[in-house]
Amino acid sequence: MTESGRIRVLMAKAGLDGHDRGVKVVARALRDSGIEVIYTGLHQTPEQVVAAAVQEDVDAIGLSLLSGAHMTIFPRILDLLKSEDAGDIVLFGGGTIPDPDVAELKKAGVAELFTPGSSTLDIVDWVRNNLQHKSHASA
Amino acid sequence: MDKDGALTPDFEERRDNPAGRERDFSFTTLSDQPIKPLYTLGDREDADFALDIGFPGEYPYTRGIYHNMYRGRLWTMRQFAGFGAASDTNRRFHYLLEHGVTGLSVAFDNPTLMGMDSDDPRSFGEVGRTGVAIDSLADMETLFDGIPLDQVSTSMTINAPAAVLLAMYVAVGEKQGVAASKLTGTLQNDILKEYIAQKEWIYPPAAGVKLIVDTIEFTSREIPKYNPVSISGYHIREAGSTAVQELAFTIADGMTYVESCVNRGLAVDSFAPRLSFFWNSHIDFFEEVAKFRAARRIWSRLMREKYGAKDPKSWLMRFHTQTAGVSLTAQQPENNIVRTALEALAAVLGGTQSLHTNSMDEVLALPTEKAVEIALRTQQIIAFETGVVNTVDPLGGSYFVEALTDEMESGALEYFARIEELGGVLPGIEQGFFQREIGEAAFRYQQQLERKEKAMVGVNEFVDSAPIDIPILRIDPDVERSQRARLAEVKTSRNHPQVAGALDHLSAATRREENVMPYILDAVRGYATVQEISDAMKVTLGSYREPAFV
């Protein structure tokens, strides 16, 4: 059970991508703003990311990808969330993702994508305005 | 001004009158080093010109490693390239050679960097995406098809499985009839900065260093014109470090390699002349020039005084430079051409031996041919139009540049002392020291951008809402499927007992802690794959997982 009322986010790196500057900066900005943040560490498989999200009972996954594998890994995580009955976990993310791909991923169910030049203030605002801490009444 | 050229109080008084008040602006370098309004001879009054600056081509090499620098030979214009299958990258190499590049540089895809084959499930979605996919010697033969290896020098950005790719390069040479002794180029092969910054690894740090010593020992004997290591600050800086951190951490890595080789029993002068470096050139012009000059001076002093190298070639820091990817913006991407030109100019005025200029679209995707051509032309304009190559170290003797060079050096020496207190680079990595220092610097910079204490044109200043509209290179999604098909074909057509035998020998040699290079070369010749070879050693060496530092 999480501390009441605090949004809980799993920040994740999936695939073989080692670029962790962005994910760490965002994780820290979210944490400094009072959001509960768990970081997966590098080189996780989509299965590991989803398992961690379910186990940690998070409200959202923030996935960072700078490897060009976004059109494979984002949809894979969406599928796994559905098959794990965890479709209520919101998936958002960021990285070097060209505009046409951003549009396609959003259509597929990724809630928001932050591309190069994004401000952590905007990311924090977005998380606060669009995520709600899950009610655990029935849990 | 007094007779020594130092700043005098009466000048400061005249300058600081109300009409001369400074505007409200933070006069600091990109790395937050405060900068004074004026530098004079007084800023270096304790310095000994001959001892600290001297002449180019002479100890301590502050002004450059050659007497005549670019009047003798220009830097190598070396554009990093790799995407898709080996045949795609081979076409890009031919394009670059036709347009005047003077050296090749291979970018490998993430699976190759991690020692994995294209058919491993963990590689799905990543094959050929951020570099070229190489699984076996068959791919390497295609990559260099029509490129005689005795006529071109090749740099390979590969680290954890560097020994495997080096062996493949030697084997391609054999097929072309080019002896290993004739091969020239550079292997990045700097595993320490992987744990510190770039984060593409296979084995734990100590095992990674052991493999590097193996390749250094092997090349010094068999491929004497090849640089076995390119000790890299580039990725440390891209991960968010300051200029001083880049300088200090990289040279500390270099010292670790030197000490590891000496512990193996190699004489310092037998390998040190072939050690090379790789720096970032960021957007703060003078800070970068000072960093390059300080780097040469620090290294030569360490090699001569600390490690007792006698051969002057061991004292030289030869380096490659790449302009800063992180300085580029997705917004108004054409502006990146200007940023890259200024960064390239700093590298040239800092005395680089080779240079990669980033393309304007690299913040969005891998570069298109057109963008790469502009990046290369930028170097050609600097070399052939601007006149900056006409004299050696034109910024040498500038009060400001020399003072900043001194500050860079003393900042690095302070870090060396801290690293020594931690017990060296390997314990520092285990304790997360470097990772945290870099993470702090990256976070501080991001906050400064958001408070507009630092500017990025088009991002937090002079913003416009025009959509980003430049062509983007798209990787054919079919590349992954066809690469897996090619790999399957290689696996069925090779001599199975030969491959299995070579891999067994390699495993055994790894257990015996022998130099594994000859065994890897045998396995490669039989078309064993990158992953098969990496796995054969992993049994003994183990694998690495980083604690999740935030």
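Each reported figure results from applying straightforward, stated rules to the coordinates on display, with no laboratory input. Please read all numbers here as calculations on a predicted model, not as lab measurements. Neighbour counts run over all protein chains shown; Cβ positions are idealised from the backbone, glycine included.
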*Just order A:23-35, B:32-44, B:532-544 by mean Cβ neighbour count inside 10 Å, highest at the front, would you?*
A:23-35, B:532-544, B:32-44
*Mean Kyte-Doolittle of at least 0.0 and a Cα length of 18 Å or more along the axis: which whole DSSP H helices of chain A meet both?*
A:70-83
*Fewest-first sequence of B:Leu355, A:Leu81 by Cβ atoms within 10 Å of each Cβ*: A:Leu81, B:Leu355
*What's the center-to-center distance, using Cα atoms, between region B:10-26 and region B:525-547 in Å?*
63
*asked:* Using Cβ counts within 10 Å as a stand-in for footprinting exposure, how do A:Ser118, B:Ser118 rank, fewest first?
replied: A:Ser118, B:Ser118
*Please give, to one decimal in nm, the separation of the simple spin-label points placed at A:Gln55 and B:Leu97, each 7 Å out from Cα toward the Cβ.*
5.1
*In debye, nearest 20, what is the charge dipole magnitude of the protein assembly as shown about its Cα centre with +1 on Lys and Arg Cβ and -1 on Asp and Glu Cβ, if you could check?*
1100
*Cα gyration tensor category, rounded, prolate or oblate, for region B:12-89 with a/c compared to 1.5*: oblate
*asked:* Explain nothing, just the number: dipole magnitude of chain A about its Cα centre with +1 on each Lys and Arg Cβ and -1 on each Asp and Glu Cβ, in debye rounded to the nearest 20.
replied: 220
*Projected-area average for chain A over all orientations - Cα convex hull basis, square nanometres*: 7.6
_Gyration tensor over alpha-carbon atoms, region B:213-308, equivalent ellipsoid semi-axes in Å_ = 26, 14, 11
*Would you calculate the separation in nanometres between label points at A:Ser119 and B:Asp504, each defined as 7 Å from the Cα along the Cα-to-beta-carbon direction?*
6.5
*Name the shape class, rounded, prolate or oblate, that the alpha-carbon gyration tensor gives for region B:49-450, where a ≥ b ≥ c are the square roots of its eigenvalues, rounded holds for a/c under 1.5, and otherwise prolate holds if a/b is larger than b/c and oblate otherwise.*
rounded
*Quote to one decimal, in nm, the extra length available between B:Thr386 and B:Glu440 on full extension: 0.36 nm per residue of separation minus the C-alpha distance between them.*
15.6 nm
*DSSP beta bridges in the protein assembly as shown, what fraction antiparallel, as a percent rounded to 5?*
0
*By the scheme Lys and Arg +1, Asp and Glu -1, what is the net charge of all other residues having a beta-carbon under 15 Å from that of B:Ile231?*
+1
*Given N residues in the protein assembly as shown, what is Rg(Cα) / (2.2 N^0.38 Å)?*
0.97
*Before anything else, pin down the relative contact order of region B:393-550: Cα pairs under 8 Å, at least 6 apart, normalised by residue count, whole percent.*
16
*What relative contact order, as a whole-number percentage, does region A:8-129 give when Cα pairs under 8 Å and 6 or more residues apart are counted?*
27
*asked:* Can you tell me how region B:242-388 classifies by the Cα gyration tensor, rounded, prolate or oblate, using a/c under 1.5 as the rounded cut?
replied: prolate
*Go through B:Val459, B:Pro471, B:Ile223 and say which Cα lies farthest out towards the positive end of the charge dipole of chain B; charges sit on Cβ, +1 for Lys and Arg, -1 for Asp and Glu.*
B:Ile223
_Normalised contact order of region B:49-450, rounded percent, pairs of Cα under 8 Å and 6 or more residues apart_ = 17
*Taking the Cβ of each residue in B:Phe27, B:Phe249, B:Phe80, B:Phe218 as the centre, tally the other Cβ atoms inside 10 Å and list the residues starting with the fewest.*
B:Phe27, B:Phe80, B:Phe218, B:Phe249
*asked:* Give me the mean projected area, in nm² to one decimal, of the convex hull enclosing the Cα positions of region B:482-541.
replied: 3.9
